[in-house]
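Structure record follows, encoded as C-alpha cells.
The values are calculated or read from the model by the stated rules, or taken from the named source; none is laboratory data. These numbers were taken from a predicted model, which means no experiment stands behind them. Positions of Cβ are backbone-derived with ideal geometry, glycine not excepted, and every protein chain shown enters the neighbour counts. The area values use the complete protein model at the heavy-atom level, side chains included, leaving out ligands, DNA and RNA. Shrake-Rupley method; radii C 1.70, N 1.55, O 1.52, S 1.80 Å.
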Amino acid sequence: WDETHFGKMGSYYINRTFFFDVHPPLGKMLIGLAGYLSGYDGTFLFQKPGDKYEHHNYMGMRGFCAFLGSLLVPFAYLTVLELSKSFPAALLAAALLTFDTGCLTLSQYILLDPILMFFIMAAMLSMVKYNSCANRPFSAPWWFWLSMTGINLAGALGVKFVGLFIILQVGWNTISDLWHLFGDLSLPVVTVGKHLTARVLCLIVLPLTLYTATYAVHFMVLNKSGPGDGFFSSAFQSRLSGNTLHNASIPEHLAYGSVITVKNLRMAIGYLHSHRHLYPEGIGARQQQVTTYLHKDYNNLWIIKKHNTNAADPLDPSSPVEFVRHGDIIRLEHKETSRNLHSHYHEAPLTRKHYQVTGYGINGTGDSNDFWRIEVVNRKFGNRIKVLRSRIRLIHLVTGCVLGSSGKVLPKWGWEQLEVTCTPYLKETLNSVWNVEDHINPKLPNISLDVLQPSFPEVLLESHMVMIRGNNGLKPKDNEFTSKPWHWPINYQGLRFSGINDTDFRVYLLGNPVVWWLNLLSIALYLVVGSAIAVAVQRGAHLPAEVEGLSQVLLRGGGQLLLGWVLHYFPFFLMGRILYFHHYFPAMLFSSMLTGILWDTLLRLGAWSLASSSLARGLYVVGNLGLLLGTAYSFYLFHPLAYGMVGPLAQDPRSPMAGLRWLESWDF
C-alpha cells in the first residue's frame, strides 16, 4: 500500500535522487534518516505492495514510525490531564487510543500519518502546557513550551499541508489569549507589547525558519537527477547532476533543422509529446495523439522545419545555418513518428470551444494545417529565439488559435497524460507559453547553462507551486476507490492494507468500532450538555462550587478539543481532491480526548448528585472501569484487523472474525 510510496522516497533520500511528491519533505526525510541510521542501504525497489523485503533492513523505518505512533498515547494522557486535572479522564483518553485498532494499524508501517499525528499532538500538548504557565509569563517553562509549540507547528506543516489545521487552532488560541491580555488594564502597554513580540518570535518566525530550513536540507541532499525532474522548470533542472541540463552547454539560438524539446511554462504540465496511438473513434479526427508528458522521453523530441517543404534540407552539412526568428512560419515534425504538429476546427477531447491538436502527415508531408507562427513574448519581429530563455507562443496559421495545455488529465486511452489544445482565446496565460529546453544541432557552437541556476527563494517558491498544483490534480479516477468524509466518524468502511490470500496475514485499516462509536456519541452528548451548561451560566444560574468547577473544565478544556476535531475534520468536505479513510485520524485523536473529559465529567456530576458518598464513589469507579474494560475487550475481539487475520475468511464460521462484520460495508 502507501509503503511503496514513502519507503521508496526514503530510499531516494539515501541515494540523493531527486523526486516529486505532493507533500512537504520533512516526513520522508525522517523516514530516510531512520533507514540510513539503522543500516538500510536504499536498494529495495518498493515496486508493488506485497513484495518481500528479504535481506533489506526495513525495520528501522517501520520502528521509527511505530515509536512516534506509540507516543500519541502519553501525549493524549498529558494533554487531557492538563486540561481536566483528572487522572481518570486522562487514563480513559489514553486507553481509547491504546485500544484503537486503526491507530495501531496506521502506526506500524512506513507512512507519513504517524509522523504527522505525532507533531499535531505534540503541538497541542505544548500549547496546553504554555497556557497553564499563563500566571508565570516570561518564566523558563513558559518560554520552553511556547518555543516547543512553534517547533511542533513547523514539524506538522513540514510533513503534510493538513498541518495548517493545528496552526489555525494555535492561532485562534493565541489571538484570544492576546485579546484577553489587551483587556487587562492592570498590565502596562509595554508588557502587552512583550507578549505580542514573544508570540510573533516563537509562533511565526521560529516555525517559518525551521520550515524553510527543511527545504534547504531537502534541496541540498537531493542533488541528483531523478523521476521528479520533469515537474520543474528548465532552470530548476539545471541544478541536478545527471540531468541533461546540468553543467550542459547547448546552442544558444534556435535554428532550422534543430532537434528540440518544448516545455510548457505552467508548472507540472510538462513537455509537448506525441506517440503512435490515435485519438479514439468519436473524439475529433482519428489522428495521432498529441499530449504533454511530465517525464523525459524520446517521444518529446521534435524537429523544427520551414513551412515550405521544398526548402533546402537544413540537416545537409553543406547548407548554411538559418536561425529561427520571431514571427517565422514553421512546422514541427515529431522525430519518432515523422508526423507534423497539426490543428483544425474539430473540438478538443476535454475542453469545449478549444480545437483538437494532432500529429498528421507522412514523413513530414502534410497540409497547411501544419503551419504555425512562432512568436516570442514581448519581443520585436525578426529577433532570434534563445533556447531556455525565450518565452514563445505558437499561433496556428489557419485557425488563428494558440497552442496550449489545459492541464486536464486524459482518460486511459490518452495514457492519463495531459490534454493539449489550440485555444481561440488569444489572451496570454502560462498554459499557452512554452520554452525550448533540449536543443541539438551539430552545426552550432554551444554555451554553458550555469548562468540559469535559480536562487534558493526561487526554488522554494517553485516547489510550492508544483506541490499545490499536484494536490489539485489528485482527482478521483474512473472506478478508483475513494471515501467520503461523512463515512469516517461512523467507521463506515475500512481500507485494505494487504492482499486477501488464505495464507497471508490480512491487515485491514478500521477503527475499533466501540471506541469510534463512543467518540461519536460523546460529540453529540457534549454539544447537548455543553450547550445546557453554557445557557445556564449565561442566564446567571447559581451553580454549586463542585458543579461550577466541572462545567468550567467541560466548556474550556472540552471546547479546545471540540475545536480541534472540527478544524481537522470539516475542511475535508470542501476538498475536491481524492480522499481516503486515513485522513480522519488526526480528528479522531481530538474526539478521543474529548470523550475522556466528557465521561469523567458526567460520572463526577452523577456521583455528586447522589446523597450517599459510598454510593457516589461506587458509581464513579464502576463507570470508569466499565468504559476501560469495554474498550479493552473490544480490542481483544478486533485486534486481528491490525495484527493480521489468518485462516478462513470472515464469512466462514471457523474464522476468528466470524460474527464481527457488524456493518455490511466492512469488507474484511
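What to note about this one:
- Conditions (1) free of Cβ contacts under 8 Å to residues at least 60 places away in the same chain; (2) open to solvent by less than 30 Å² (accessible area, probe 1.4 Å); number of the one not met by D41: (2)
Residues checked against (1) hydroxyl-bearing (S, T, Y); (2) within 30 Å of N472 (Cβ to Cβ); (3) not in a helix (DSSP H, G or I):
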residue: A536; (1), (2), (3): no, no, no
residue: H542; (1), (2), (3): no, no, yes
residue: S551; (1), (2), (3): yes, no, no
residue: G558; (1), (2), (3): no, no, no
residue: L561; (1), (2), (3): no, no, no
residue: V566; (1), (2), (3): no, yes, no
residue: F570; (1), (2), (3): no, yes, no
residue: F585; (1), (2), (3): no, yes, no
residue: L603; (1), (2), (3): no, no, no
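- Complete set of residues in region 529-556 that are in contact (Cβ under 8 Å) with a residue 60 or more places away in the chain, open to solvent by 60 Å² or more (accessible area, probe 1.4 Å) and farther than 22 Å from D177 by Cβ: E546
- Complete set of residues in region 391-415 that are in contact (Cβ under 8 Å) with a residue 60 or more places away in the chain and part of a loop (DSSP other than H, G, I, E, B): R391, L397, L410, P411, W415
Here is a yes/no grid of residues against (1) open to solvent by 40 Å² or more (accessible area, probe 1.4 Å); (2) touching a residue at least 40 places away in the same chain (Cβ under 8 Å); (3) basic (K, R):
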site	(1), (2), (3)
V162	no, yes, no
F165	no, yes, no
I175	yes, no, no
L178	no, no, no
G228	no, yes, no
L240	no, yes, no
L254	no, yes, no
V259	no, yes, no
K263	no, yes, yes
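- Test: residue in region 614-624 that is surrounded by fewer than 20 Cβ atoms within 10 Å (Cβ to Cβ) and either of a type in the set (D, E, K, R) or closer than 23 Å to V170 by Cα (or both): yes
- Those helices (runs of 4 or more DSSP H) of region 59-119 in which 2 or more residues are touching a Lys or Arg at 6+ places or on another chain (Cβ under 7 Å) are absent.
- Filter result for T244 (under 19 Å from P24 (Cα atoms) and not aromatic (F, W, Y)): no
- Set side by side, the residues L68, L92, L37 differ, and just one is more than 30 Å from A632 (Cβ to Cβ) and either hydrophobic (A, V, I, L, M, F, W, C) or at pLDDT 95 or above (or both), which is L37.
- Leading residue by the ranking (surrounded by the fewest Cβ atoms within 10 Å (Cβ to Cβ)) among those in region 75-97 that are under 22 Å from P513 (Cα atoms) and under 27 Å from the mean Cα position of the chain (by Cα): A76
- Long-range neighbours under 7 Å by Cβ, at least six apart or interchain, first residue under 20 Å from M593 (Cβ atoms) and in contact (Cβ under 8 Å) with a residue 24 or more places away in the chain within region 609-630, second part of a loop (DSSP other than H, G, I, E, B) and open to solvent by 50 Å² or more (accessible area, probe 1.4 Å): none
- Test set (1) β-branched (V, I, T); (2) assigned by the TED database to the domain that holds N383; (3) open to solvent by 20 Å² or more (accessible area, probe 1.4 Å); (4) modelled with pLDDT of 90 or more - I283 fails condition number: (4)
- Members of region 6-18 that are in contact (Cβ under 8 Å) with a residue 40 or more places away in the chain and either surrounded by fewer than 19 Cβ atoms within 10 Å (Cβ to Cβ) or assigned to a helix (DSSP H, G or I) (or both): F6, G7, G10, Y12, Y13, N15, R16
- Contacts under 6 angstrom Cβ, first residue in region 419-448 being among the aromatic types (F, W, Y), partner open to solvent by 60 Å² or more (accessible area, probe 1.4 Å) and in a loop (DSSP other than H, G, I, E, B), 6 or more apart: none
- Boolean, C202 is open to solvent by less than 40 Å² (accessible area, probe 1.4 Å) and free of Cβ contacts under 8 Å to residues at least 40 places away in the same chain: no
- Among the residues of region 44-58, none qualifies, meaning not one is of a type outside the set (S, T, N, Q), modelled with pLDDT under 95 and not in a loop (DSSP other than H, G, I, E, B).
- Here V22 passes the criteria (1) aliphatic (A, V, I, L, M); (2) modelled with pLDDT of 90 or more; (3) open to solvent by less than 30 Å² (accessible area, probe 1.4 Å) except the one numbered (2).
This table checks each residue for (1) over 30 Å from P411 (Cα atoms); (2) open to solvent by 10 Å² or more (accessible area, probe 1.4 Å); (3) in a strand (DSSP E or B).
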residue: L332; (1), (2), (3): no, no, yes
residue: G359; (1), (2), (3): no, no, yes
residue: N369; (1), (2), (3): no, yes, no
residue: R389; (1), (2), (3): yes, yes, no
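- Checked against (1) at pLDDT below 95; (2) surrounded by 14 or more Cβ atoms within 10 Å (Cβ to Cβ), V190 meets all criteria but (2).
- Unique match (being of a type outside the set (S, T, N, Q), open to solvent by 60 Å² or more (accessible area, probe 1.4 Å) and either in contact with a His (Cβ under 9 Å, 6 or more places away or on another chain) or part of a loop (DSSP other than H, G, I, E, B) (or both)) among R577, R654: R654
- Among residues of region 126-142, those that are under 21 Å from A90 (Cβ atoms) and open to solvent by 10 Å² or more (accessible area, probe 1.4 Å), counted: 5
- Residue identified as closer than 19 Å to A213 by Cβ, of a type outside the set (D, E), assigned to a helix (DSSP H, G or I) and modelled with pLDDT under 95 among G155, G163: G163
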